[in-house]
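The values are calculated or read from the model by the stated rules, or taken from the named source; none is laboratory data. Given the structure is predicted, the values throughout are model-derived calculations rather than measurements. Cβ placement follows ideal geometry from the backbone for every residue including glycine, while neighbour counts extend to all protein chains displayed.
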Amino acid sequence: MTQLSNSSHWQILQVLAEGVLGVDHSGQVTFMNKAGLTMLGFDSEHEVIGKGVYELTHRPANYSSSNGTPNEVPGCAIINALESHHPIEDQDEFLWRADGTILPVCINAAPIFDEQGQVDNLIVAFQDRSSRHAIKQELILQKEALQLERRLFIGGPTVIFQWQMVPGWPITYVSPNVFSVLGYKPQDLIGGAVIYPQLVHPDDFERVSQEVEYHRSIGSEYFEHKPYRLLHADGSYRWVYDFTVIERRQTGSDYHSGYLVDITKHKETELALARSEHRYRPAQSVARFGIWEWDVETQSVYWDAETLRLLGYDAQEGILMDYSEFISRVHPDDRQALEDAVKSVFANPQQDSYTLQVRGQRPDGGWQWIESLGKVVEFSQTGNPKLFMGTVKSITKD
């Protein structure tokens, strides 16, 4: 086999897809192939020949040398290989480009020794790893996000479950915070000492089972259960919100994974409000007064069914509207008085209520005189009204 000439060597280097450069014993660049120049953003070899490799590829702020060797070379794989006389293989490194941006690379380097056994040159090959670095960074961010989500879930009222879709719904995983939410140890649920279907309230079990079968039959990937009750270890029941993902498998039984959120306090408040409304509705109907609510932040106004009936609407339920729609239902001649009353409360929060007589629009286009009492029941952190509530009653006015 004949030895390749220097010209042949150079031609081979020029067609390589990876960057190749040479460094002499003093740390100065002796050559760089076309791929290397392109990666680092140089137009020609003249821009790099004779330059200190550390100065060229790392740009240290404290760079100072008389012979091309930097005073400090922290983290420079090329200089470390030159000084240690040891080759490097597949080492990740960051090199500066000519425009000041940074290029992630993988470096391989091999020293070339002279007859006295001293390092004469160092041949360095480097590959662009921008895509790999970006993927690696994305994986790191995803891992951090998953760790954060896990901490948030496990530290709060949300319990993560996985169970197998076979009779008895055996649990294969449950997050540790199930003990603080439902009072059971994870190993009791996973080991089968506690059977999940037996925890579902008897009045809810049939509905929960039907929801599971329905979503499986229509091919749902995920679904939400209507709130249902689970038996706590102390004998009480907890209301939960259940979000489930169906994991269909080609072999073996399917799995359901999801999370439960303890919504007991919210549900109890909701039920208490419903009972309260049921109690006062007969008296409200006899006294002929309606109830309204205005959320200043969302600009939404709620009229209950009795308010609508006072205005002549055949209503069984209340309606939610935005503030502009609410104003449109007030007689044009009365709108300014209403706006002024509201503004006075905003201007003087200590005056947290008002009483006003205005005309509300009936479904036939006519107008009904009503008396509205409004009161601020919640203030924002800045002290401004946040939530108004009030009553409406029909009045006769000549």
Within region 191-199, is there a residue that is free of Cβ contacts under 8 Å to residues at least 40 places away in the same chain, among the aromatic types (F, W, Y) and under 15 Å from T244 (Cβ atoms)? yes
State whether the residues of region 145-162 include one that is modelled with pLDDT of 85 or more and in contact with a Pro (Cβ under 6 Å, 6 or more places away or on another chain). no
Please list, ordered by residue number, the helices (runs of 4 or more DSSP H) wholly in region 17-92 having 1 or more residues that are modelled with pLDDT under 85. 53-58, 77-84
Qualifying residues in region 379-397 (those that are touching a Pro at 6+ places or on another chain (Cβ under 8 Å) and assigned to a strand (DSSP E or B)) - the one surrounded by the fewest Cβ atoms within 10 Å (Cβ to Cβ): F379
Across region 352-365, what is the number of residues that are surrounded by fewer than 14 Cβ atoms within 10 Å (Cβ to Cβ) and modelled with pLDDT of 90 or more? 1
Does region 362-378 include one or more residues that are free of Cβ contacts under 8 Å to residues at least 12 places away in the same chain and either outside the structural domain of W303 (by TED's automatic domain parsing) or part of a strand (DSSP E or B) (or both)? yes
Among all residue pairs at least 6 apart or on different chains, which show Cβ distances below 9 Å where the first residue, located in region 158-177, is in the same structural domain as G191 (by TED's automatic domain parsing) and touching a residue at least 40 places away in the same chain (Cβ under 8 Å) and the second is buried (at least 19 other Cβ atoms within 10 Å of the Cβ) and of a type in the set (S, T, N, Q)? F161/T244
From the options G156, G235, G219, residue that is of a type outside the set (A, V, I, L, M, F, W, C), over 21 Å from I263 (Cβ atoms) and assigned to a loop (DSSP other than H, G, I, E, B): G219
Residue list for region 291-316, filter: outside any loop (DSSP other than H, G, I, E, B), crowded, with 18+ Cβ neighbours inside 10 Å and not charged (D, E, K, R): I291, W292, W294, V301, W303, A305, T307, L308, L310
